[in-house]
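Q: Sharing a structure here in structure tokens format.
Bear in mind these aren't lab numbers, they're just calculated from the coordinates by the rules spelled out. Since this is a predicted model, take the numbers as computed values, not measurements. Virtual Cβ from ideal backbone geometry, glycine too; neighbours counted across all protein chains shown.
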Amino acid sequence: MSEVKVFSTPTCVYCSQVKKYLEMKGVPFTELDAFTSEEYKKLGVLTVPVIVYGDRKVIGPQFGQIAEIVALYRSGSDGKNKEK
């Protein structure tokens, strides 16, 4: 199963809200500092938070989209888009 990653900065209020939301939902995540993460730089975004699960990416505090990631995680999905 893929891991949930949260790219954030220490002073980002929205980042704190997203992390608290994931904790409340019981979803473990790896927090990565956007200032120092090479992986964040490769995403090509200039804002935080960024939540990544498999090949899904949510930019900003889009809680509806984050809820979809929570549902995928709970279902055991790897978060990868599947070709039909």
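Q: Can you pull out the residues in region 26-79 that are touching a helix residue (DSSP H, G or I) at 6+ places or on another chain (Cβ under 6 Å) and among the aromatic types (Phe, Trp, Tyr)?
A: Phe29, Tyr53, listed by residue number.
Q: How many of the residues in region 12-50 are of a type in the set (Ser, Thr, Tyr) and over 18 Å from Ala67 (Cα atoms)?
A: Number of matching residues: 4.
Q: Next up: Among the residues of region 57-77, are any part of a strand (DSSP E or B), touching a residue at least 40 places away in the same chain (Cβ under 8 Å) and in contact with a strand residue (DSSP E or B) (Cβ under 7 Å, 6 or more places away or on another chain)?
A: The answer is no, given that none of the residues of region 57-77 is part of a strand (DSSP E or B), touching a residue at least 40 places away in the same chain (Cβ under 8 Å) and in contact with a strand residue (DSSP E or B) (Cβ under 7 Å, 6 or more places away or on another chain).
Q: Same structure, new question: Restricting to region 45-56, and then to whatever is surrounded by fewer than 17 Cβ atoms within 10 Å (Cβ to Cβ) and not β-branched (Val, Ile, Thr), can you tell me which residue is nearest to Glu3 (Cα to Cα)?
A: The selected residue is Asp55.
Q: If you don't mind, another one. Those residues that are out of contact with any Ser or Thr (no Cβ under 7 Å at 6 or more places or on another chain), among the charged types (D, E, K, R) and part of a loop (DSSP other than H, G, I, E, B), I need them from region 1-56; list them, please.
A: Once the filter is applied, which keeps residues that are out of contact with any Ser or Thr (no Cβ under 7 Å at 6 or more places or on another chain), among the charged types (D, E, K, R) and part of a loop (DSSP other than H, G, I, E, B), region 1-56 yields Lys25, Asp55.
Q: On to the next question. Hey, can you tell me all the residues within region 8-31 that are among the hydrophobic types (A, V, I, L, M, F, W, C) and within 17 Å of Tyr73 (Cβ to Cβ)?
A: Those that are among the hydrophobic types (A, V, I, L, M, F, W, C) and within 17 Å of Tyr73 (Cβ to Cβ): Val18, Leu22, Met24, Val27, Phe29.
Q: What pairs come out if I take residues in region 35-46 that are of a type in the set (Phe, Trp, Tyr) and pair them with residues that are assigned to a loop (DSSP other than H, G, I, E, B) whose C-beta lies under 6 Å away, six or more apart or interchain?
A: Listed by first residue and then by second, the contacts come to Tyr40/Ala34.
Q: Starting from residues that are closer than 20 Å to Lys80 by Cα and hydrophobic (A, V, I, L, M, F, W, C), keep the ones in region 1-44 and report whichever is surrounded by the fewest Cβ atoms within 10 Å (Cβ to Cβ).
A: If we take residues in region 1-44 being closer than 20 Å to Lys80 by Cα and hydrophobic (A, V, I, L, M, F, W, C), then Met1 is surrounded by the fewest Cβ atoms within 10 Å (Cβ to Cβ).
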